[in-house]
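Structure first, commentary second.
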Amino acid sequence: MKGKTWLFWGGLIAAAGGVLFQTSYDVQDLEEKLAGLNRKIIHEQESIQVLKAEWSYLNDPSKLEQMAQSYLALQPTEPRQYVAMDLIPMRPADAVPPPAPALPGQPGAAPLPPMVRAPGTGTSQVASARVPTVPNNTAAGIVPVSVPAAAKPLPMDKALERAAVVVPASLPSGGGVADPAPRVKPSALVPGAARAPVEKTPEKAATDRAAGKLAPNAPTSPNRATEVATRPVPLAASPVPAPKAATAQQPYQPKPTDSLGLLVARLGANR
Amino acid sequence: MSGYDHGGPAGYGQPGGGGVPGSPGSTYVPPPAPSPYQQPPQQPSARPRTSLAVALEQSRYRLLVTAAVVTTVFTAISVKLAMATLFAGGGEPRQHVALEVDNTTTNRADIVDRNGNLLATSLVTQSLFADPKLVSRPEEAAQKLVSVLPELDYKDLVGKLSGDRRFVWLKRNLTPKQQAAVHRLGIPGVAFEREERRFYPAGPLASHVVGFTGIDNNGLAGMEQGFNKRLTEDPGTPLQLSLDLRLQHVLKKELTATVQEFSAIGAAGIVFDVRTGEVLAMVSLPDFDPQDPTGLNPDTLFNRATLGVYEMGSTFKIFNSALAFDAGRIRPSDMFDAKNPIKIGRFTINDYHSLHRALTVAEVFQHSSNLGSVRMVQQVGIAAQKAFMTKMGFTKPTGLELPESGWPLVPNPWREVNSYTISFGHGISVSPMHTVAAAASVINGGLFHKPTLLKRNSDGEIPTEQVVSRQTSDLMRRMFRFVVTEGTGKSADVKGYVVGGKTGTADKQKGRHYQKNSRMSSFLGAFPMNDPRYVVYVLVDEPKATAKTYGYATGGWVAAPAAGRIIKQIGPLLNVPTVDESSPEILNSTFLNAAGSTNWQQSLPPVSAPPPSKGSTVASFPTQTKPR
């Protein structure tokens, strides 16, 4: 009996010792891990510091100016390019803007915006890089900015039908069809786009988002054939005649819509 | 226990010599001897006290004492043991704590501009050193090192590696690539040491403000020196300056262009916020590369904007006019004779280009007439002038945080002749920063802000001091504007930004004489004058006239165009709204004519005739957009 008691206690002690050792080793492991992580954190912090320094170095205004001069057609802004907000008239509350004045009839009526020296290169890249998200609007692309989405004819519907297929196709897929379709969805500039009853599909969210993105860039791109505009666009799914027609009309992009578009966008934002 | 039993008696038996009781030890005095009055109590017992009994008694005592001591010690030990094991939470506290992510690993805080762009930062680098004792074949090692670090000299390296010392630097601050390359060589005896290196991403752009550090990362100039303690004591939070890197760039670019165009020996420029006293940009040319400050001419380290004190010339007429208005006796329409030269002692004061007639105060300012200025100060008096200049801060350093702050050179005693010359900016030498801070107070409504290079908190109180009255300040704004619309500073005008300012040209003193052909040309501009927000100051040191300027190298020809170009570029960056200068509300607050009248409707019928709503600022938009 006594021997069993001893055995019991002995076993207990051994077990406790074992657990203790195990715990101790675990703790050691964890501590090593912690030390390793701390080392890593320090290393990361140092790397971050280096990256920050590099970022600042590359963003040095002197360098940026040099680069801008050699690669961009942009010039420093001048005081005369600024307009006070109250100089812009408000849009009439419910009047649908007449499509006539802005129709693609009078291209080149307005001079280029003064900050653009020549049919440029760089700026529109941003604008058109996002294009693949709205290739379905190619057909509607020629519709002038001021025309609300409701005025858009059949091609819009067709485009929307196709959209489900087209949208997922991402940029790198490079469909091979070199299609210099208009890169801008002009209706994007019109807040009235939301009024279009056609856009009920889930695409609506996508187009709206795209519209929001595109709006600020729109004024610079549509009126000139930029290098990116000729980039192949993944229209793989739909080589339908409608977009072809659109391409034909593309150069008609009216220049006045630039500043108009800008104005309208601002007015829309005002509301 | 038994071990201590032997030790105990030995220790306590020291006085007993050998400690053996019975032995007739040499120094041991037998017990009966020490205390004669121990005897009486023992007498009654009448027991014979043998030496053996005494010895037994003694050893008992000793054992007792020993036991007590041993018990005490062991008790103490066990108490400490119990405390250490049971109550101390399981041993000494662990040092392993996860690091905070935001912490910096460096020992010196970053310096950033007002938008958070890095101006100075510390990077951890590795430095290469060698222990020559451990380098077995110096030639081979040197050859290998030179192959990856071509900038090292082979012979020098062999000499270092074969020396007797135990430590020798081979190269400080390797790049990570170089480190990897050296590491891959695997040369025994060559190792790396972690070091920090100060890095200035903006390079020379803000070098005079930021300063630089030595090899051991101690600040040696600029803010690095002025805030050395703060930078090392609180390395986690960056030091935010009031500088704006973009403005700094514009300022430097234009100054460099001006220096080149007029083959000047140097230039200084300041952009100053008149509402807060913040210095938004400060450039002194020539400048230096803070990474290698000693490499070039030591002259480049000289900060012309704060350390250099110069006779400012005509820009001082700003203060002379403000003094005259503030004294209350002079109005802009008052006439002063500017025809006859003034003789005082051996000096004759004359005008640069005299108009040979009496001038109003406005015209004195417009044409920068020395004679008129002297006549004005004659009315005000020397004491008032001295008090005013002191109030403007011209008698002590500006209080800017830089260690390089110049002491002004002020005449002592302040005699009549000094007072005359000071009225047109000679005979007193102040730094450009003095001039800018004082001029800002003259136009911003009369509030003097101590200039600062640290960004002010938006809600923090700005220490101010009313130095001139609001009316004076209002008049001075009009005078500033008048100089740019119709005076010497026309080339500084920028459409839309209502620029005002004052030109200055001072002959430089070489030895005891003023030189006719070496001068300091400056322009102190401010915009927009209807509600001044920024002062732009440009000072060009010894410009040479060019054909384009028809042989002139004065402030109006050299510094004013540069200031205009600067304002044109920084206006949009500073979000200053453009306005139509000919609109009535602007004219109301900025108009002044040569007769000293501020009523623009009466005196300028042609200006009020065209409708002000012609909207010049919409020019960049196609006209057909306007109706919509």
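The values are calculated or read from the model by the stated rules, or taken from the named source; none is laboratory data. All values reported here derive from a predicted model rather than from experimental measurement. Reconstructed Cβ throughout: ideal geometry from the backbone, glycine too, with neighbour counts over all protein chains shown.
Within region B:135-151, is even one residue in the same structural domain as B:Phe192 (by TED's automatic domain parsing), more than 43 Å from the chain's Cα centre (by Cα), surrounded by fewer than 17 Cβ atoms within 10 Å (Cβ to Cβ) and polar (S, T, N, Q)?
There is at least one residue in region B:135-151 that is in the same structural domain as B:Phe192 (by TED's automatic domain parsing), more than 43 Å from the chain's Cα centre (by Cα), surrounded by fewer than 17 Cβ atoms within 10 Å (Cβ to Cβ) and polar (S, T, N, Q).
Read through the list (1) farther than 21 Å from B:Met433 by Cβ; (2) assigned to a loop (DSSP other than H, G, I, E, B), then give the number of the only condition that B:Gly393 fails.
(1)
Return the residues of region B:414-460 that are within 11 Å of B:Phe394 (Cβ to Cβ), among the β-branched types (Val, Ile, Thr) and within 20 Å of the chain's Cα centre (by Cα); say none if nothing qualifies.
Passing the criteria: B:Val430, B:Thr435.
How many residues does region B:242-270 hold that are in contact (Cβ under 8 Å) with a residue 24 or more places away in the chain, within 14 Å of chain A (Cβ to nearest Cβ) and not small (Gly, Ala, Ser)? Write out each step before concluding.
Residues of region B:242-270 in contact (Cβ under 8 Å) with a residue 24 or more places away in the chain: B:242-252, B:254-259, B:261-270.
Still in the running and within 14 Å of chain A (Cβ to nearest Cβ): B:243-252, B:254-257.
Among the residues that remain, those that are also not small (Gly, Ala, Ser) are: B:243-252, B:254-256.
Total meeting the criteria: 13.
Kindly indicate whether any position in region B:270-280 is in the same structural domain as B:Val538 (by TED's automatic domain parsing), assigned to a helix (DSSP H, G or I) and modelled with pLDDT of 90 or more.
Checked against the condition, which is being in the same structural domain as B:Val538 (by TED's automatic domain parsing), assigned to a helix (DSSP H, G or I) and modelled with pLDDT of 90 or more, region B:270-280 yields no hits at all.
Looking at region B:361-385, which of its residues are of a type in the set (D, E, K, R) and either touching a Cys at 6+ places or on another chain (Cβ under 7 Å) or under 16 Å from B:Thr348 (Cα atoms) (or both)?
Selection gives B:Arg375 alone.
Identify all residues within region B:323-342 that are assigned to a loop (DSSP other than H, G, I, E, B) and without any contact (Cβ under 8 Å) to a residue 40 or more places away in the chain; write none if there are none.
Within region B:323-342, B:Gly328, B:Ala338, B:Lys339, B:Asn340, B:Pro341 qualify.
Restricting attention to region A:54-94, and to residues there that are among the β-branched types (Val, Ile, Thr) and at the interface with another protein chain (Cβ under 7 Å from one of its Cβ atoms), which single residue is nearest to B:Pro290 (Cα to Cα)?
A:Thr77
Going through region B:84-119 one residue at a time, which ones are modelled with pLDDT of 85 or more and either among the polar types (S, T, N, Q) or not in a loop (DSSP other than H, G, I, E, B) (or both)?
B:Ile111, B:Val112, B:Asn115, B:Asn117, B:Leu118, B:Leu119
How many residues are modelled with pLDDT under 85 and either surrounded by fewer than 14 Cβ atoms within 10 Å (Cβ to Cβ) or under 18 Å from B:Gln179 (Cα atoms) (or both) when one looks only at region B:152-164?
Summing the residues that are modelled with pLDDT under 85 and either surrounded by fewer than 14 Cβ atoms within 10 Å (Cβ to Cβ) or under 18 Å from B:Gln179 (Cα atoms) (or both) in region B:152-164 gives 1.
Take the residues in region B:297-309 that are surrounded by fewer than 24 Cβ atoms within 10 Å (Cβ to Cβ) and in contact (Cβ under 8 Å) with a residue 12 or more places away in the chain; name whichever of them is nearest to B:Leu454 (Cα to Cα). Steps first, please.
Narrowing region B:297-309 to residues surrounded by fewer than 24 Cβ atoms within 10 Å (Cβ to Cβ): B:297-302, B:307-309.
Next, from what is left, pick out any that are in contact (Cβ under 8 Å) with a residue 12 or more places away in the chain: B:299-302, B:307-309.
Details: B:Asp299: 26, B:Thr300: 24, B:Leu301: 21, B:Phe302: 21, B:Leu307: 18, B:Gly308: 21, B:Val309: 23 Å.
Across region B:297-309, the extreme among qualifying residues is B:Leu307.
Within region B:164-172, is there a residue that is over 30 Å from B:Leu400 (Cα atoms), under 39 Å from the mean Cα position of the chain (by Cα), of a type in the set (Val, Ile, Thr) and within 14 Å of another protein chain (Cβ to nearest Cβ)? Show your work before the answer.
First, pick out the residues of region B:164-172 that are over 30 Å from B:Leu400 (Cα atoms): B:164-172.
Then keep just the ones that are under 39 Å from the mean Cα position of the chain (by Cα); that gives B:167-172.
Checking the rest, the ones that are also of a type in the set (Val, Ile, Thr) come to B:168.
Checking which are within 14 Å of another protein chain (Cβ to nearest Cβ) leaves us with none.
Among the residues of region B:164-172, not one is over 30 Å from B:Leu400 (Cα atoms), under 39 Å from the mean Cα position of the chain (by Cα), of a type in the set (Val, Ile, Thr) and within 14 Å of another protein chain (Cβ to nearest Cβ), which makes the answer no.
Of the residues that sit in region B:297-322 and are within 18 Å of the chain's Cα centre (by Cα) and in a loop (DSSP other than H, G, I, E, B), which one is farthest from B:Gly446 (Cα to Cα)?
The selected residue is B:Phe302.
Output yes when any residue across region B:490-512 is among the charged types (D, E, K, R), modelled with pLDDT under 90, within 30 Å of the chain's Cα centre (by Cα) and within 25 Å of B:Ser242 (Cβ to Cβ), and no when none is.
no
Filter region B:106-156 down to the residues that are within 24 Å of A:Asp60 (Cβ to Cβ) and of a type outside the set (A, V, I, L, M) and list them by number.
Selection gives B:Thr106, B:Arg108, B:Asp110, B:Asp113, B:Arg114, B:Asn115, B:Gly116, B:Asn117, B:Thr121, B:Ser122, B:Thr125.
Identify the residue in region B:198-238 that is basic (Lys, Arg) and surrounded by fewer than 18 Cβ atoms within 10 Å (Cβ to Cβ) and, among all such residues, is farthest from the other protein chains (Cβ to nearest Cβ). Let's see the steps before the verdict.
Let us first name the residues in region B:198-238 that are basic (Lys, Arg), namely B:198, B:229-230.
After this cut, where a residue has to be surrounded by fewer than 18 Cβ atoms within 10 Å (Cβ to Cβ) as well, the list is B:229-230.
Working: B:Lys229: 22, B:Arg230: 19 Å.
Only one residue fits best here, namely B:Lys229.
Do we find a residue being modelled with pLDDT of 90 or more, assigned to a strand (DSSP E or B), assigned by TED's automatic domain parsing to the domain that holds B:Ile428 and buried (at least 21 other Cβ atoms within 10 Å of the Cβ) anywhere in region B:283-296? Explain how you work it out, then say what you get.
Taking region B:283-296 first, the residues modelled with pLDDT of 90 or more are B:283-284.
After this cut, where a residue has to be assigned to a strand (DSSP E or B) as well, the list is B:283-284.
In the following step, the residues that additionally are assigned by TED's automatic domain parsing to the domain that holds B:Ile428 were identified as B:283-284.
Checking which are buried (at least 21 other Cβ atoms within 10 Å of the Cβ) leaves us with B:283-284.
Taking every residue of region B:283-296 in turn, at least one turns out to be modelled with pLDDT of 90 or more, assigned to a strand (DSSP E or B), assigned by TED's automatic domain parsing to the domain that holds B:Ile428 and buried (at least 21 other Cβ atoms within 10 Å of the Cβ).
Determine, yes or no, whether B:Gln240 is assigned to a helix (DSSP H, G or I) and of a type outside the set (Val, Ile, Thr). Walk me through it before giving the result.
Numbers: assigned to a helix (DSSP H, G or I): no; of a type outside the set (Val, Ile, Thr): yes.
No; evaluated as a whole, the condition is false for this residue.
Take B:Lys177 and decide whether it is away from every other protein chain (no Cβ under 14 Å) and free of Cβ contacts under 8 Å to residues at least 40 places away in the same chain.
On the way: away from every other protein chain (no Cβ under 14 Å): no; free of Cβ contacts under 8 Å to residues at least 40 places away in the same chain: yes.
So B:Lys177 does not fit the description; no.
I need a count of the residues in region B:165-197 that are surrounded by fewer than 16 Cβ atoms within 10 Å (Cβ to Cβ) and under 16 Å from B:Gln291 (Cα atoms).
Result for region B:165-197: 2.
Looking only at region B:535-584, filter to residues that are charged (D, E, K, R) and more than 14 Å from chain A (Cβ to nearest Cβ); which one of those is nearest to B:Phe480 (Cα to Cα)? Steps first, answer last, please.
Pass one, region B:535-584, residues charged (D, E, K, R): B:541-542, B:544, B:548, B:565, B:568, B:580-581.
Those left that are additionally more than 14 Å from chain A (Cβ to nearest Cβ): B:541-542, B:544, B:548.
Details: B:Asp541: 23, B:Glu542: 25, B:Lys544: 26, B:Lys548: 26 Å.
Checked region B:535-584; the qualifying residue nearest to B:Phe480 (Cα to Cα) is B:Asp541.
For the subset of region A:22-49 comprising residues that are more than 9 Å from chain B (Cβ to nearest Cβ) and among the charged types (D, E, K, R), which member is farthest from B:Pro238 (Cα to Cα)?
So, considering only residues that are more than 9 Å from chain B (Cβ to nearest Cβ) and among the charged types (D, E, K, R), the one farthest from B:Pro238 (Cα to Cα) is A:Asp26.
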